[in-house]
Amino acid sequence: MKTENKMIGAGFFTAVAASLCCITPILALVAGTSGIASTFSWLEPMRPYFIALTVLIIGFACYQKLKTKKQIDCNCDIEEKPKFVNSKMFLGFITVFTAVMISFPYYSNIFYPNTEKKILVSNKSSSQKAEFAISGMTCASCEKHVNHEVNKLTGIINSDANYTNGNAVVEFDNSKTTITEIEKAINSTGYKVTNKKLK
């Protein structure tokens with residue numbers, strides 16, 4: 001029983017670790033401390049290993065819990081009902097929780113408020129596009145966080161962050177905001193602008 005509980009605990013831990021880099025931006029947004037969003041981005045390269053370890057641990061715990069036990073014919077007292085943490089139901093809850101945690105990066109964007117703006121630019125000459133190379137983004141949640149912070153600025157026409165390319169392309173009205181202000185907004189998320197250029 002103790003071994004099974006340790007394995008379930010280890011599976012729980014590795015599932016959380018596998019998605020911690022994507023959970024942190026959501027927590028940072030809720031807490032209003034967006035600068036800590038990239039704190040666990042260093043875990044992203046290890047995500048596949050955490051997922052594999054989680055599946056192995058939970059799979060072995062399920063095997064141990066669900067395998068048929070040999071019946072010994074004796075005049076022993078009937079076993080007491082196991083505690084909840086030793087039950088199949090608890091293992092089921094943990095298994096569902098780990099699946100939810102592992103898939104978190106794929107649905108995390110629903111937690112961000114929609115900050116997209118529809119701004120009409122009366123003077124086309126004041127509209128500019130800039131591309132920012134950004135380090136530290138690892139998932140769709142990171143993209144949403146960057147777009148959320150940039151769209152708080154006045155004069156943003158469109159912000160499109162892309163973690164795969166490691167960049168953000170921002171269209172803005174240069175009479176209302178500047179490329180420096182946009183860079184500050186991106187850096188405030190905890191991700192860092194490594195290069196910027198006007199397009």
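Details
- Distances between every pair of Cα atoms in region 114-198, grouped in 10 Å steps from 0 to the bin holding the largest one, split as 20, 56, 22, 2 percent.
- Relative contact order (%) - criterion: Cα under 8 Å, at least six apart; region: region 114-198: 40 percent
- Shown for F104, F13: other C-beta atoms within 10 Å of each C-beta, ranked fewest to most, produce the order F13, F104.
None of the figures in this text is laboratory data; all of them are computed from the coordinates on show. Computed from a predicted model, the values in this text were never measured in an experiment. Counting neighbours? That spans all protein chains shown, and the Cβs are built from the backbone with ideal geometry, glycine included.
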